[in-house]
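S.K.: Sharing a structure below in structure tokens format, with a few things to ask.
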Amino acid sequence: MKAKLNQYTPEIEPHMQSHLAAIVEAVYQKYGYDFRQYSEAHIKRRIMNRMAMSGLEDISQMPSKILNDEEFAFKLLQDLSITVTEMFRDPGFYRSLRENVIPILRTYPFIKIWHAGCSTGEEAYSMAIILQEEGLYDRTAIYATDFNQRALNRAKEGIFSNKLMKEYTANYQLSGGKESFSDYYTSNYDHVIMNQSLKKNIVWANHNLVTDSVFAEVHLILCRNVLIYFERELQNKTQKLFYDSLINGGILCLGAKEGLRFTDLYEKYIELDKKQRIFKKKY
Amino acid sequence: MQYDAVVIGLSAGGMNVMKIIFSLLPKDFSTPVIIVQHISPRSDSQWIGLLNDKSNLAIKEADEKEKIKNGTVYIAPANYHLLIEKNKTFSLTIDERVNFARPSIDVLFESAAEAYKNKLIGVVLTGSNHDGAKGIKRIKECGGLAIVQDPKTAESAYMPTSAMAAVKPDYILSLEEIIDLLIKIDKQKE
């Protein structure tokens, strides 16, 4: 009896690992995106979701589909790239950024910031808003990078759904923002467009943390909720990349559930804010 | 039959239910317990500390890559999905909400079912959403044990009822009876 293999059934479990390996290998070989060291349970969930929507009968057909059907591969790539984000996501983090990081940045004549894994740009715009309010934006460059070009294109446009603005305004206020949040964008029916003045010093660039190397020496790195998807070894490798990209005394900001404790670099940073996962590279 | 982990899902009325669970589970309960409760994305982890103070067991928020240990209760952090890897460690993700929820019970249950196979107990408790129904079905398909709170005894019957519509549970019991059963199963390990 042939089991129905386009959805999860316990029958495919014994071969699951080799199916998944063949799928991520096909993506890597043909398109250069490397998911081979991503957490398996996550990758599996995303692949099985795509499988269920694909019309394929059997998961073993997926690698050749990836190799021969670019449109399908592109969809899968979008599935594997998590673009969920918010403006002022975790307001407590942005409050701490204002209180603990801005005073350090203020001491530099020119400030370079790397926002790694910026997705559709909401957090890069949040950063620009804070810097503008603190009078630092004119001497700052924000390098906002992601491997997902579609997300980057959206980030560059700076157009977001109007429905989200209520939540973002609340986040902004909770983060210690004192201005009128609606001054930062122009409403246009169901969308808003972020102000040109916020975009001017953001450089949007395609960069893959897994396969690309250091591209700038910076004062501040934000990489939030990216490392959770990586296996430990890849986490370590990426942390090394961040360490090498920071100046001495530079700041590293991670996601609320990410840390340095299990990396080789833990001793090389001071915790500026333990709860908000803000670290300072030792001199 | 021996079981290596218990996963529990709950939403509406969950906080009081959790207090009851932790007051009833004894200190020597060894099977790890992993819980998804629907909570506000903005809530911090303080409530877990408060629960921990009142419990016989060690209760903590699940950390990414953390190894699952006996005698410990893990709770999914707010605003993250909690998944279990084959090597019995946790993964966290922030992909889209599932059933309007992050953390989602289905996401935990499905990954747990695939990691623990027939060594898993799944429990669906009170809730006003159908989250958990697909997950408990997956647990059953993978050979695990499915327990659902008797809807008549749940603060909100919707979630248990949805679970029962998705799969025939092995047990339909009140909360106190569920805890008794878990303790009995846990004792068989020794």
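S.K.: Which one of these is over 30 Å from B:N118 (Cα atoms) and either hydroxyl-bearing (S, T, Y) or in contact (Cβ under 8 Å) with a residue 24 or more places away in the chain (or both): A:D79, A:D69, A:D58, A:D34?
M.R.: A:D34
For every residue, the table says whether it meets (1) part of a helix (DSSP H, G or I); (2) modelled with pLDDT of 85 or more; (3) more than 20 Å from A:Q78 (Cβ to Cβ).
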position	(1), (2), (3)
A:M1	no, no, yes
A:Y8	no, no, yes
A:E11	yes, no, yes
A:H15	yes, yes, yes
A:S18	yes, yes, yes
A:I23	yes, yes, no
A:V27	yes, yes, no
A:K30	yes, yes, no
A:D34	no, yes, no
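S.K.: Give, as residue ranges, the strands (runs of 3 or more DSSP E) completely inside segment B:75-153 that count at least 3 residues that are within 14 Å of chain A (Cβ to nearest Cβ).
M.R.: Filter on segment B:75-153 gives B:81-84, B:90-93.
S.K.: Scan segment B:1-49 for residues that are of a type in the set (S, T, Y) and either at pLDDT 90 or above or within 17 Å of B:S104 (Cβ to Cβ) (or both) and jot them down.
M.R.: B:Y3, B:S11, B:S23, B:S30, B:T31, B:S40, B:S43
S.K.: Do the conditions hold for A:G117, that is, is it buried (at least 24 other Cβ atoms within 10 Å of the Cβ), of a type in the set (G, A, S) and within 20 Å of A:F230 (Cβ to Cβ)?
M.R.: Criteria met by A:G117.
S.K.: Every residue in segment B:154-179 that is in a helix (DSSP H, G or I) and either in contact (Cβ under 8 Å) with a residue 40 or more places away in the chain or in contact with a Gly (Cβ under 8 Å, 6 or more places away or on another chain) (or both), please.
M.R.: Answer for segment B:154-179, where residues must be in a helix (DSSP H, G or I) and either in contact (Cβ under 8 Å) with a residue 40 or more places away in the chain or in contact with a Gly (Cβ under 8 Å, 6 or more places away or on another chain) (or both): B:Y158, B:M159, B:P160, B:S162, B:A163, B:L175, B:E176, B:I178, B:I179.
S.K.: So, one more: Could you check B:L120 against (1) more than 19 Å from B:M1 (Cβ to Cβ); (2) of a type in the set (A, V, I, L, M, F, W, C); (3) in contact (Cβ under 8 Å) with a residue 40 or more places away in the chain and say which number it fails?
M.R.: Unmet condition: (1).
S.K.: Moving to a separate point now. In segment A:79-98, is there at least one residue being in contact with a Leu (Cβ under 6 Å, 6 or more places away or on another chain), not in a helix (DSSP H, G or I) and not assigned by TED's automatic domain parsing to the domain that holds A:V214?
M.R.: The answer is no, given that none of the residues of segment A:79-98 is in contact with a Leu (Cβ under 6 Å, 6 or more places away or on another chain), not in a helix (DSSP H, G or I) and not assigned by TED's automatic domain parsing to the domain that holds A:V214.
S.K.: What number of residues within segment A:12-32 satisfy the criterion of being surrounded by 14 or more Cβ atoms within 10 Å (Cβ to Cβ) and either more than 16 Å from A:E231 (Cβ to Cβ) or in contact with a Phe, Trp or Tyr (Cβ under 6 Å, 6 or more places away or on another chain) (or both)?
M.R.: Qualifying residue count for the region: 11.
S.K.: From A:A256, A:A205, grab the single residue that is closer than 29 Å to A:H42 by Cα, in contact (Cβ under 8 Å) with a residue 40 or more places away in the chain and assigned to a loop (DSSP other than H, G, I, E, B).
M.R.: Just one listed residue meets the conditions, A:A256.
S.K.: Something else about it: How many residues, within segment B:26-71, are away from every other protein chain (no Cβ under 14 Å), of a type in the set (A, V, I, L, M) and farther than 18 Å from B:L120 by Cα?
M.R.: The number of residues fulfilling the criteria is 6.
S.K.: With (1) touching a helix residue (DSSP H, G or I) at 6+ places or on another chain (Cβ under 6 Å); (2) surrounded by 15 or more Cβ atoms within 10 Å (Cβ to Cβ) as the list, and B:S174 as the residue in question, which single condition is left unmet?
M.R.: Every listed condition holds for B:S174 apart from (2).
S.K.: In segment B:75-101, which residues are in contact (Cβ under 8 Å) with a residue 40 or more places away in the chain, surrounded by 24 or more Cβ atoms within 10 Å (Cβ to Cβ) and not β-branched (V, I, T)?
M.R.: Residues satisfying the conditions are B:A76, B:L82.
The values are calculated or read from the model by the stated rules, or taken from the named source; none is laboratory data. Given the structure is predicted, the values throughout are model-derived calculations rather than measurements. Glycine gets a Cβ as well: all are built from the backbone with ideal geometry, and neighbour counts include every protein chain shown.
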